[in-house]
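Read through the structure below, which is laid out as C-alpha cells, and then see the notes.
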Amino acid sequence: KSMIDTTVQNLKQENICFDNVIFANDASSTNKNPRFNAILSGDYENIITNAIKPATNIVAFIGNDIQDFPDLKQNLAHDLDGDDEYFDKFGDTYFLLPNPTIGSWQDNSLQ
C-alpha cells in the first residue's frame, strides 16, 4: 500500500473531511512553497498528491513554524523588528498555533 493510500484511509477512518492531500516529495523536503504554488496555480507537476485540483485561492495559512507560511524563513525573521511589514499577514491570513513540544518552540523561553 502506498503512502497516499494509507494516509487517505486513515483520514477517512477518523472521519476527517478533506478533498486533497499534498505530500512532501521526500523526508528531507522542508520547503513548502512548491506545494503552496501547486494549490495556487493548479500545476501539480513534481508534487505528490492524491488528487489534482484546479487553481485554488488560499484564504488562510495555519502553522506552528514560520516556515509553514509562504516565503518566510526563520533566519530572516530573527533579525527583524516585530513591527516589520514582513509580519503584516499574521492575524489576517497567517495564523500561528504554537506547539511547545517540537522544533524551535522547545528552545524559546518567556522573556
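Before moving on, here are some points about what is shown:
- Cβ-Cβ distances below 9 Å connect the following pairs, each with a first residue in the range 88-111 that is at pLDDT below 80, a second residue that is among the aliphatic types (A, V, I, L, M) and surrounded by 12 or more Cβ atoms within 10 Å (Cβ to Cβ), and a separation of six or more residues or different chains: SER104/ILE66.
- Tallying residues that are open to solvent by less than 70 Å² (accessible area, probe 1.4 Å), in contact (Cβ under 8 Å) with a residue 24 or more places away in the chain and assigned to a loop (DSSP other than H, G, I, E, B) within the range 59-87 yields 5.
- Within the range 9-34, the residues that satisfy the criterion of being closer than 26 Å to LEU80 by Cα and in a helix (DSSP H, G or I) are ASN33, PRO34.
- Selected residue (criterion: modelled with the lowest pLDDT) from residues of the range 20-53 that are open to solvent by 60 Å² or more (accessible area, probe 1.4 Å), within 28 Å of PRO98 (Cβ to Cβ) and of a type in the set (D, E, K, R): ASP26
- ALA55 touching a residue at least 12 places away in the same chain (Cβ under 8 Å), part of a loop (DSSP other than H, G, I, E, B) and aliphatic (A, V, I, L, M): yes
- Of all the criteria given as (1) in contact with a helix residue (DSSP H, G or I) (Cβ under 7 Å, 6 or more places away or on another chain); (2) part of a strand (DSSP E or B), the one not satisfied by PHE95 is (1).
- Verdict on THR56 being in contact with a helix residue (DSSP H, G or I) (Cβ under 8 Å, 6 or more places away or on another chain) and open to solvent by 60 Å² or more (accessible area, probe 1.4 Å): yes
The values are calculated or read from the model by the stated rules, or taken from the named source; none is laboratory data. If you're wondering where the values come from, they're calculated on a predicted model, not measured in any experiment. All Cβ positions, glycine included, derive from the backbone under ideal geometry; neighbour counts span all protein chains shown. We work out accessible area using only protein heavy atoms, side chains counted, and drop any ligands, DNA or RNA first. Shrake-Rupley method; radii C 1.70, N 1.55, O 1.52, S 1.80 Å.
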